[in-house]
1. Give the relative contact order (percent, whole number) for the range 168-255; include only Cα pairs under 8 Å separated by 6+ residues.
2. Which entries in the list Lys24/Lys217; Lys83/Lys188; Lys217/Lys244 go over 27 Å, if you measure between the two C-alpha atoms of each?
3. For the range 168-255, build the charge dipole from Cβ charges (+1 Lys, Arg; -1 Asp, Glu) around the Cα centre, then report which of Gly179, Leu242, Ile207 sits farthest towards its positive end.
4. If amide hydrogens are placed 1.01 Å from N in the peptide plane, which non-local residues have theirs closer than 5 Å to the one on Lys234?
5. Based on the mean of other Cβ atoms within 10 Å per residue, sort peptides 173-184, 32-43, 295-306 so the most packed one is first.
6. Ranked highest first by average number of other Cβ atoms within 10 Å, how do 53-61, 23-31, 239-247 line up?
Amino acid sequence: MEDKIKIEGVLSLGYGIIPKLVMKDKDLTIEAKAIYAYISSYAGNGTSAFPSVSLICNDLDIGENRFHKHKKVLVEKGYIEVKRERTSKGSWGSNVYTINSVINYQPTLQNDVMDEPTRQNPCMDNPTLDSPCMDNDGTNNNSFNNNSSINNSLKNKQQQPASEKQPNFITTWEQTGFGMIPPLTIEKLEHWVKDFEGNESIVVKAIEVASDQGVRKYAYVNTILKNWEDKGVKSVEDIDALEKKREAEVQAKKAAPRNNFNKAPLRKETLPDWAKEENQKVEEKPMSAEDKAAFNERLARIQNRRAEA
């Protein structure tokens, strides 16, 4: 009879080892580290079935474009390798992810990984059998290998300090009382920065306006940004100009005369010329003696007719 080891609790689904040097690398974004940790969690057995990209994105709460962007950083820096396997029938099958313990790159002091890396083999291009797309389409299962060699000579290099560049809207979000910014919100605000041609200060301004008005929700920030986009805002100066115009309109309404009954501005009307002429006083002239005699004669005839009737 063979003995079996049963693991319960948080380790029951498997586990892996994450190098501390990867977590201390300031050149990696938090998304890249999360992806590396996710892959490593499946590497405890050496080689095993790897979940699809759609499952990874669902578990990490990120979009596929964001996943491919930060996964490519790990590939370019040599932390992981991605190869495509052929099936027994000759067709392309799952990806093979190799986690490298030996890397050959010098961490930079300037963190520029927030800019999208150059796509040397983009998944959007049409893949061929000779050069298949390395990005998983969200449906295939993959596998990976875990190398066990360790290069101690790189330890000091990977622990060198580096200045971490963080989008300004992230710090503004957290410092103005919104709380910890969710990854999905970061992705949405990054899209807004691109929509405003990289002018991040507009997104920062929207967050500040929402905070000043006491509505600290992304939906309200999104409404503000949509309003500015519809009005053709291109810079913070345009926003200031819109605010000055709005304040001037408010002051103009306050200065307008009001009707005490309904507090609405008084309506001022102008009479037409014909109405003015009718309202003018008619001067009465006394009757001449001849006109008065003729009038009395007509009056007498009328009275006689009534008497005869």
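1. With pairs under 8 Å counted, the relative contact order is 27 percent.
2. Over 27 Å apart, Cα to Cα: Lys24/Lys217; Lys83/Lys188.
3. So the residue furthest toward the plus end is Leu242.
4. It is none; the list stays empty.
5. Per-residue mean Cβ counts within 10 Å order the peptides as 32-43, 173-184, 295-306.
6. Highest-to-lowest ranking by the protection proxy: 23-31, 53-61, 239-247.
Since every read-out is calculated from the coordinates, none of them should be taken as a lab result. Owing to the predicted nature of the structure, the values given are computational and were not obtained by experimental measurement. No Cβ is skipped: glycine too gets one built from the backbone with ideal geometry, and neighbour counts run over all protein chains shown.
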